[in-house]
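Below is one structure, written out as structure tokens; the observations come after it.
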Amino acid sequence: MLSVPLAAATFGFDIGRTGVLGVVGATIATCWNYVFNLGFDHGLKHFTGTTRKSLRIRFLHAVSFELGLMLIFLPIIAWWMGIGLLEALIVDVAFVVFYLVYAFVFTWCMRLYSPGVTTPYFLTRTPRKPTPLKQTLTILEAGVG
């Protein structure tokens with residue numbers, strides 16, 4: 001866990017207490033991940049008819065996941081570390097920024113490079129109708145060859 005020593009050093013916390021907080025946080029995040037994704041995908045399917053996610057939906061998904069996790073984890077950080085809610089919010093935001101970037105990049109790369117997975121929906125391009133100039137050039141090129 002890269003975040004535990006980084007948080008302990010950045011905020012001057014005891015590494016043991018920070019380690020326990022990291023394990024608790026990872027457990028909460030795992031459970032929240034299951035519950036949130038299940039609900040998000042069911043809602044997406046209900047409202048759009050599909051679970052395919054555009055870049056905008058992926059961004060909304062990542063941000064709303066992290067905000068929910070933040071709300072769950074904030075009082076635990078304050079209680080376990082013996083700090084006020086404002087200090088806990090700063091710690092929580094630092095964790096969120098770290099993991100938000102990590103989760104977004106990781107899931108995007110997994111989608112791009114997993115064997116047997118088609119191109120992500122937001123990277124697909126719909127073919128554009130050729131402009132009159134392009135049609136003319138195509139006709140001229142066909143006649144030249």
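Extending 7 Å from Cα along the Cβ direction at residue 114 and again at residue 27 yields two label points whose distance is 2.8 nm.
FRET efficiency for the pair residue 42 and residue 98, taken as 1/(1 + (r/R0)^6) with r the Cβ-Cβ distance and R0 = 30 Å, rounds to 0.60.
Only sites in a loop by DSSP and with at most 11 other Cβ atoms within 10 Å count here; which trypsin sites (Lys or Arg not before Pro) in the range 1-72 make the cut? Hits after loop and neighbour filter: nothing returned. In order along the range 81-96, phi translates into HN-Hα couplings of 8, x, 10, x, 5, 5, 5, 5, 5, 5, 4, 4, 4, 4, 4, 4 Hz, rounded to whole numbers, per the Karplus curve 6.51 cos²θ - 1.76 cosθ + 1.60 with θ = phi - 60° and x for Gly and Pro.
If you take the square roots of the eigenvalues of the alpha-carbon gyration tensor of the range 1-100 and sort them as a ≥ b ≥ c, do you get rounded (a/c under 1.5), prolate (a/b over b/c) or oblate? It is prolate, given that a/c is not under 1.5 and a/b is the larger ratio. Each residue in 114, 3, 64 was given a count of other beta-carbon atoms within 10 angstrom of its own, and listing them fewest first yields 114, 64, 3.
Each value in this text was obtained by applying a stated rule to the coordinates, not by laboratory testing. In this text the structure is predicted, and so the values were computed from the model without any measurement. With ideal geometry, Cβ positions are generated from the backbone for all residues, glycine too; neighbour counts draw on all protein chains shown.
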